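This report refers to the structure that appears directly beneath it.
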Amino acid sequence: MDIFLQQVLNGLTLGGIYSLVALGLTLVYGILHVPNFAHGAFYMVGAFVSFHLMSAWGWNYWVAMAGSAACVAVLAMLAERLVFHPLRHASGLHPMIAAIGVLLFLEASAQAIWGADFQRMQTPYTGIIDLGGVTAPVQRLLIIGAAFALVVALHFFLKKTVMGSTIIAMAQNRDGASLVGIDANRVAMLTFAISGVLAAAAATLYAPINLVYPAMGNLVITKAFVIIILGGMGSVPGAIVGGLIIGFAESFGAYYISTDYKDIMAFVLLVVILSLRPQGLFTSGVR
């Protein structure tokens, strides 16, 4: 039972991170209906900015996370204005190629600024708590708590605020939302900013138990795409549930099968679930 609960803790940790990344990705998809491959680069930049603010400037962990979130939000809005907005009337292939271009540009820029070496981010939360036989590092508990707090905050923002309602309206019917006076450009920029904040927060939370390097976003964004396809393209609940499913699958699969196959668990689940439910677990649309 202790081993089982240990894997539950690990699954919640991974699931929380994957859900945050997938939420930002699915919000952007709901507005543009284009897979944003550059989202993995935003995740990577968030980790590097937090690492730099803490190691070079001596910032507090939480202040560094806030600074990183602000930087990546601005970067995401610039990408929307300079790259995606001019291509809004182009075919779906053009924005996808542009997103890959942004990804490669940001990876090359990070390597030029911080180098290609693997870096380890320090955390002030290095303690370990014994929860009835389950070894719980404080950083993992912090990831779980912060990730789900951000998920709840995003839910209330989308449901209870005017700006959140405009995002939902734009995702459901872009032309109809424009007809009732919603500024499509403003909503698109806001959505990209939110996606950047979620990516930076996820990266800063996960970096202390992982490594920071220029290509760190590639595998994460691949799994995030699996999650939003599995949960239903553009579905916020689907991104959350899908993230948890993949997190638990990797955690239990790594222990009971082999760590060598941990990263392919997501793709095996994708094939199995889509063969039974091709539309994903939830219907499409930001809700």
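The values are calculated or read from the model by the stated rules, or taken from the named source; none is laboratory data. Since we're looking at a predicted model, the values are computed, not measured. Because the Cβ atoms are built from the backbone with ideal geometry, glycine has one as well, and the counts that use them run over all protein chains shown. SASA here: full protein model, heavy atoms, side chains in, ligands and nucleic acids out. Shrake-Rupley method; radii C 1.70, N 1.55, O 1.52, S 1.80 Å.
For segment 14-30 and segment 253-284, what is the separation of their Cα centres, given in Å?
That distance is 17 Å.
Want the number for Tyr261 to Ala90: 0.36 nm per residue separation, take away the alpha-carbon distance, what's left?
On the way: separation 171, 0.36 × 171 = 61.56 nm, distance 3.89 nm.
That works out to 57.7 nm of additional length.
How large is ³J(HN,Hα) for each residue in segment 6-18, as worked out from phi by the Karplus curve 6.51 cos²θ - 1.76 cosθ + 1.60 (θ = phi - 60°), to whole Hz, x for Gly and Pro?
5, 5, 4, 4, 5, x, 5, 4, 5, x, x, 5, 4
Once R0 is set to 45 Å, what does the formula 1/(1 + (r/R0)^6) return for the Cβ-Cβ distance between Gln279 and Trp57, expressed as a FRET efficiency to the nearest 0.05? Spell out each step's value before the answer.
Details: r = 47 Å, r/R0 = 1.05.
Given R0 = 45 Å and the Cβ-Cβ separation, E is 0.45.
What does the accessible area per residue of the chain come to in Å², with a 1.4 Å probe and no ligands, DNA or RNA counted? Please list the in-between numbers first.
On the way: 12680 Å² over 287 residues.
The answer is 44 Å² per residue.
Considering amide H positions built from the backbone, and no H for Pro or chain starts, which residues 5 or more places from Phe282, or on another chain, come under 5 Å of its amide H?
Hits under the 5 Å cutoff: Gly232.
If the only charges are +1 at each Lys and Arg Cβ and -1 at each Asp and Glu Cβ, what is the size of the charge dipole of the chain around the Cα centre, to the nearest 20 debye? Intermediate results must be reported in sequence, preceding the final value.
Working: 12 positive and 10 negative charges, 125 e Å.
Approximately 600 debye in magnitude.
Report, in whole Å, the centroid distance computed from the Cα atoms of segment 82-136 and segment 165-180.
29
For segment 152-281, give the magnitude of the charge dipole about the Cα centre (Cβ charges: +1 Lys/Arg, -1 Asp/Glu; no others), in debye to the nearest 20.
Numbers: 7 positive and 5 negative charges, 58 e Å.
Using only the charged Cβ atoms, the result is roughly 280 debye.
Which lysines have a Cα less than 29 Å from the Cα of Lys262, not counting those fewer than 8 places away in the same chain?
Lys223
If you fit an axis through the alpha-carbon atoms of helix 184-206 and take the longest principal axis of the Cα set of the chain, what angle between them do you get, 0 to 90°, nearest 10?
10
Considering the options Gly231, Asn185, Ile143, tell which one lies farthest towards the positive end of the dipole of the chain, charges being +1 on Lys and Arg and -1 on Asp and Glu at the Cβ, about the Cα centre.
The residue sitting farthest along the positive end of the dipole is Asn185.
Contour minus end-to-end for Val271 and Phe252, with contour as 0.36 nm per residue of separation and end-to-end as the Cα-Cα distance? Mind dumping the intermediate values first?
Details: separation 19, 0.36 × 19 = 6.84 nm, distance 1.83 nm.
5.0 nm is the gain from fully extending Val271 to Phe252.
Considering only His52, Val197, Leu104, whose Cα is most displaced toward the positive end of the charge dipole of segment 1-276, charges sitting on Cβ of Lys, Arg (+1) and Asp, Glu (-1)?
Among His52, Val197, Leu104, the one farthest towards the positive end of the dipole of segment 1-276 is Val197.
Take the chain, connect every pair of alpha-carbon atoms lying under 10 Å apart with a spring to form a Gaussian network, then pick out the residue of Ser91, Ser165, Ser50 with the largest mean-square fluctuation.
Ser91
Hey, any idea what % of the chain's accessible area is carbon plus sulfur with a 1.4 Å probe? It would help to have the intermediate numbers written out before the result.
Working: 8630 of 12680 Å².
Accessible surface attributable to carbon and sulfur in the chain totals 68 percent.
Provide the per-residue ³J(HN,Hα) series for segment 207-222, in order, calculated from phi with Karplus coefficients 6.51, -1.76, 1.60 and θ = phi - 60°, each as a whole number of Hz, with x at glycine and proline positions.
Computed from phi, the couplings for segment 207-222 are 4, x, 10, 9, 10, 10, 7, x, 9, 5, x, 5, 5, 4, 5, 4 Hz.
Roughly what would the spin-label model give for Ile113 and His155, points 7 Å off Cα along C-beta, in nm?
For the pair Ile113/His155, the computed spacing is 3.4 nm.
Classify segment 1-276 from the C-alpha gyration tensor, please: rounded if a/c falls under 1.5, else prolate or oblate depending on whether a/b exceeds b/c.
Numbers: a/c = 1.62, a/b = 1.33, b/c = 1.21.
Prolate is the answer for segment 1-276, as a/c is 1.5 or above and a/b outweighs b/c.
Name the residue farthest towards the positive end of the dipole of the chain from the options Thr259, Gly247, Leu32, assuming +1 on Cβ of Lys and Arg, -1 on Cβ of Asp and Glu, about the Cα centre.
After comparing all options, I get Leu32.
Quick check on segment 68-115: take the gyration tensor over C-alpha atoms, sort the square-rooted eigenvalues as a ≥ b ≥ c, and tell me if it's rounded (a/c under 1.5), prolate or oblate.
oblate
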